[in-house]
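S.K.: The structure is given below, and queries will be raised subsequently.
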Amino acid sequence: MPFVHAQIIRIVDEYQPGFVEAVFQDSDGVDHRIIDKVPIFTNLSLSELALPRRGAFRCEVLEHFADPSGRRLVRITIARPDDLQSLAGAFEFTVEDGAVSNVIDQ
C-alpha cells in the first residue's frame, strides 16, 4: 500500500484517539492540509506525539508520469482507501515521486 509523506503540525482534538492536522505539498509546492484521527498518520499514540513530526497516510496511485522538464510525478487519490480529503475538499493531487513510498518512514 503506498503512503504519502506528510508533516503532523497540530493537535485538533485530544479526545482519544485524537485528531491532528497534517500538511503535505503537491508538485507545484502548494501546501494541502488534512485533519483526521491520529492512527491515519502515525502508529504513535496522541500522548507520544511531539509536534511537528513526520507522518504518512495511505493513498492510491493513479498514474506515474514525467512533466516536460523531466520531473518524475505521481497522480494520487486520497479518497481511497481511507476516504480522506483536504480541508479545501480536494482528494486528487499530483506530487513528486519521492513524496510517495511503500514504506512508512517516520
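The values are calculated or read from the model by the stated rules, or taken from the named source; none is laboratory data. In this text the structure is predicted, and so the values were computed from the model without any measurement. All Cβ positions, even for glycine, are placed from backbone atoms using ideal geometry, and neighbour counts span all protein chains on display. When the accessible area is computed, the model is the full protein with side chains, heavy atoms only, and any ligands, DNA or RNA have been set aside. Shrake-Rupley method; radii C 1.70, N 1.55, O 1.52, S 1.80 Å.
S.K.: So, of the residues in the range 3-18 that are outside any strand (DSSP E or B) and in contact (Cβ under 8 Å) with a residue 12 or more places away in the chain, which turns out to be surrounded by the fewest Cβ atoms within 10 Å (Cβ to Cβ)?
M.R.: Let us first name the residues in the range 3-18 that are outside any strand (DSSP E or B), namely 14-18.
When the remaining residues are screened for being in contact (Cβ under 8 Å) with a residue 12 or more places away in the chain, the result is 14, 16-18.
Working: E14: 12, Q16: 10, P17: 13, G18: 16.
If we take residues in the range 3-18 being outside any strand (DSSP E or B) and in contact (Cβ under 8 Å) with a residue 12 or more places away in the chain, then Q16 is surrounded by the fewest Cβ atoms within 10 Å (Cβ to Cβ).
S.K.: Does the range 56-86 hold any residues that are in contact with a His (Cβ under 8 Å, 6 or more places away or on another chain) and under 16 Å from Q7 (Cβ atoms), and which are they?
M.R.: A56, S86
S.K.: Working carefully through the options R72, R33, find the one that is open to solvent by 10 Å² or more (accessible area, probe 1.4 Å) and either hydroxyl-bearing (S, T, Y) or touching a helix residue (DSSP H, G or I) at 6+ places or on another chain (Cβ under 8 Å) (or both).
M.R.: Numbers: R33 fails: either hydroxyl-bearing (S, T, Y) or touching a helix residue (DSSP H, G or I) at 6+ places or on another chain (Cβ under 8 Å) (or both).
Result of the check over R72, R33: R72.
S.K.: Separate question: Restricting attention to the range 37-52, does a residue exist that is in contact with a Leu (Cβ under 9 Å, 6 or more places away or on another chain), surrounded by fewer than 18 Cβ atoms within 10 Å (Cβ to Cβ), in contact (Cβ under 8 Å) with a residue 60 or more places away in the chain and not basic (K, R)?
M.R.: No, the conditions are met nowhere in the range 37-52.
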